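In what follows, a structure is listed as structure tokens, so that the remarks can point back to it.
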Amino acid sequence: MLNNIIIFILSILFIYIAVFTIYFSLIVTASFIKFKSKKKSEEKKEYKNLIVIIYSHNNEKTIVNLLEQLNKQDYPKGNYQTHIILDNCTDNSSNKLEFIGGAKLWRLSDDAPLGRDKAISWLLENLMSFKRVDGYVFLNANRIVRNDFLFNVNEALQDNPVVVGTTDIYLEDADYYEKVWSNVNEYNANIMKVGRSKLGLAVPIDSDVMAIKHEVLEKVQCIDFKDANSELKYSFLLTSVNYPPKFIQEIKTYVSSNDYELRRPSFGFKMSLFTHCLNFKTISNFKFAEFLFSLLKPNPIVLITMLLIIGTYSFNYYFVFDFPWSIFLAVVLAVAFGLSVYKTEQYVKPLIYLAGCPFYTLSEALCENELIKKVFKKLDKKPKTEIEKVTVPVNVTNGRNIFPCTMDLISEGGFKKVIFRYKNKKQETAQSYVRMCDAVKNISDTLEQHGFRIKICQSCAYFSPKIDGTNNMVKGFCNKHAVENPNCSEIPETLLWSTCEYYIPEEVNKVIDISTYIKNR
């Protein structure tokens, strides 16, 4: 009885592997096919009227360069507009973008950022009434583009309602995790997405680099760029109304690994989407049905591993599909995978990173499982780490106004961190520190990068730290009286997060005399 159950399960698994081996081999083969592009003469070339939409929240480091690149496009100036949403930005990007020019700036200045999805939806409501608009191009503010970017978008929109571009990640001080996903990203773009595109199959949208025709937006009446799960759901919506997104490799953007944020739909959401969309009406649409079942595709390395398990069983025991069948499928799959690796030029070291992807995916799926979380919670009988927290009031200034805020000073397991809070916003230290003074300094530096200063003793010109041999170094001296009265013998102690009305920025004693600063204040 048990043996029959095992044979039945392995038979289903074998059929599943066989189907996806053929499916994967077709996609790899298609990725090698080269089609002759239909070149049009300059006189007959149609330049669509495009609106480029960029959402930015404190992206000063990259958005300025991106606007300069868009202003230099090899595309008629009268045929495109650039619109940039500045969502509650506290950096200097607005002033710099105004100085460069060439874009319409939409400033949102509520108490909290509106968010990418809502901000773009709001802007589209204003832009949809524009006449003579053929398409909309969506870009992430952290991207770099070439001068032919809009030209390639225009070419792609001639025959496709929705197009998705590619992102090349250039690594800067990347860790192993970033290297894994950089190689996976390159592999998927050059093999899976290119192959699917040449077979006329849909791909998931990527709101970081995509374009959509005006009439498509008029029909679907919405965008959904909230997160990776929402983007996948929106891709199925477009495919269901016969506007399957198409991948165009020529539409290229570039991003540093330091600025790139990996966004992937969760395994649970994929399965939920599959079960909700699986019905007779949807599977009657071939492209939609194929797109839906593509959610079940495993990693080729996982397939090979499963085949080895089945092959081992069929070699030692009776099985419906004899051992040679397992060997045949394994060879076909290995050849297809080898060709795909050859095409992407991912040799020994990149291949190791690519092989690490299934393990990361499996670990993430296990971490999402609620049952496993509960089991580990019960097994973990270690005493909880003692946490000490003190909340102190602080004042923050932008040079004009003063804002009352708080700081949570947290000590956990011997390490220190700080959480800065203003209304419903918070900023946490980038890491845990051995000393509290370093954690507070990290928060101060972070806020200063955004044009704000915490008015506490640690950043005051009167303050000097007390070197007492302790790790935290939370105490210091207030030298105000000593400055005013050089003969003062007693210098009062203070805590580095304390503040008072006599606060003076610490850089004052480096550039000018404190008394001069006080007189001119």
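The values are calculated or read from the model by the stated rules, or taken from the named source; none is laboratory data. These numbers were taken from a predicted model, which means no experiment stands behind them. FYI the Cβ positions are ideal-geometry reconstructions off the backbone, even for glycines, and counts take in every protein chain you see. The area values use the complete protein model at the heavy-atom level, side chains included, leaving out ligands, DNA and RNA. Shrake-Rupley method; radii C 1.70, N 1.55, O 1.52, S 1.80 Å.
Tabulated data
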| quantity | calculated |
| --- | --- |
| Residue identified as assigned to a strand (DSSP E or B), at pLDDT 90 or above and under 30 Å from Arg132 (Cβ atoms) among Ile63, Ile53 | Ile53 |
| Matching residues in segment 304-314 - criterion: being hydrophobic (A, V, I, L, M, F, W, C) and either within 28 Å of the chain's Cα centre (by Cα) or open to solvent by 50 Å² or more (accessible area, probe 1.4 Å) (or both) | Leu308, Ile309 |
| Residue within segment 17-25 that is open to solvent by less than 50 Å² (accessible area, probe 1.4 Å), β-branched (Val, Ile, Thr) and modelled with pLDDT of 95 or more present | no |
| Unique match (being assigned to a loop (DSSP other than H, G, I, E, B), modelled with pLDDT of 80 or more and small (Gly, Ala, Ser)) among Gly451, Gly476, Gly469 | Gly451 |
| Members of segment 315-327 that are open to solvent by less than 40 Å² (accessible area, probe 1.4 Å) and either among the basic types (Lys, Arg) or modelled with pLDDT under 80 (or both) | Phe319 |
| Total residues in segment 68-96, condition part of a loop (DSSP other than H, G, I, E, B) and over 20 Å from His214 (Cβ atoms) | 7 |
| Those helices (runs of 4 or more DSSP H) lying entirely in segment 124-225 with at least 2 residues of a type in the set (Gly, Ala, Ser) and either modelled with pLDDT under 85 or open to solvent by less than 30 Å² (accessible area, probe 1.4 Å) (or both) | 194-198 |
| Lone qualifier among Lys226, Lys219 - being touching a helix residue (DSSP H, G or I) at 6+ places or on another chain (Cβ under 9 Å) and either touching a residue at least 12 places away in the same chain (Cβ under 8 Å) or not aliphatic (A, V, I, L, M) (or both) | Lys226 |
| Test set (1) touching a helix residue (DSSP H, G or I) at 6+ places or on another chain (Cβ under 8 Å); (2) part of a helix (DSSP H, G or I) - Tyr342 fails condition number | (1) |
| Selection status of Asn88, out of contact with any Lys or Arg (no Cβ under 9 Å at 6 or more places or on another chain) and farther than 23 Å from Asp148 by Cβ | no |
| Residue that is hydrophobic (A, V, I, L, M, F, W, C), more than 28 Å from Glu46 (Cα to Cα) and open to solvent by 20 Å² or more (accessible area, probe 1.4 Å), where the choices are Leu114, Leu86 | Leu114 |
| Output for segment 57-79, where each listed residue is of a type in the set (Phe, Trp, Tyr) and buried (at least 21 other Cβ atoms within 10 Å of the Cβ) | none |
| Number of the exception - Lys104 against (1) open to solvent by 20 Å² or more (accessible area, probe 1.4 Å); (2) under 24 Å from Glu261 (Cβ atoms); (3) among the basic types (Lys, Arg); (4) modelled with pLDDT of 90 or more | (2) |
| All positions within segment 229-260 that are at pLDDT below 90, outside any loop (DSSP other than H, G, I, E, B) and in contact with a strand residue (DSSP E or B) (Cβ under 7 Å, 6 or more places away or on another chain) | Ser256 |
| Which numbered condition Phe99 misses (of (1) in a strand (DSSP E or B); (2) more than 23 Å from the chain's Cα centre (by Cα)) | (1) |
| Answer residue from segment 472-499, given it is among the small types (Gly, Ala, Ser) and closer than 18 Å to Ile456 by Cβ and is most open to solvent (accessible area, probe 1.4 Å) among those | Ser498 |
| Which numbered condition Val331 fails, given (1) at pLDDT 85 or above; (2) farther than 29 Å from Ser235 by Cβ; (3) buried (at least 16 other Cβ atoms within 10 Å of the Cβ) | (3) |
| Pairs with Cβ under 7 Å, 6+ apart, first in segment 97-115 and acidic (Asp, Glu), second open to solvent by less than 90 Å² (accessible area, probe 1.4 Å) | Glu98/Leu105; Asp110/Asn88 |
| Looking only at segment 261-301, and only at residues there that are of a type in the set (Phe, Trp, Tyr) and at pLDDT 85 or above, the one that is most open to solvent (accessible area, probe 1.4 Å) | Phe286 |
| Neighbours by Cβ (under 8 Å, 6+ apart or cross-chain): first from segment 116-128, in contact (Cβ under 8 Å) with a residue 40 or more places away in the chain; second part of a helix (DSSP H, G or I) and polar (S, T, N, Q) | Asp117/Ser230 |
| Among the candidates Lys233, Lys246, residue that is of a type in the set (Lys, Arg), open to solvent by 60 Å² or more (accessible area, probe 1.4 Å) and over 18 Å from the mean Cα position of the chain (by Cα) | Lys246 |
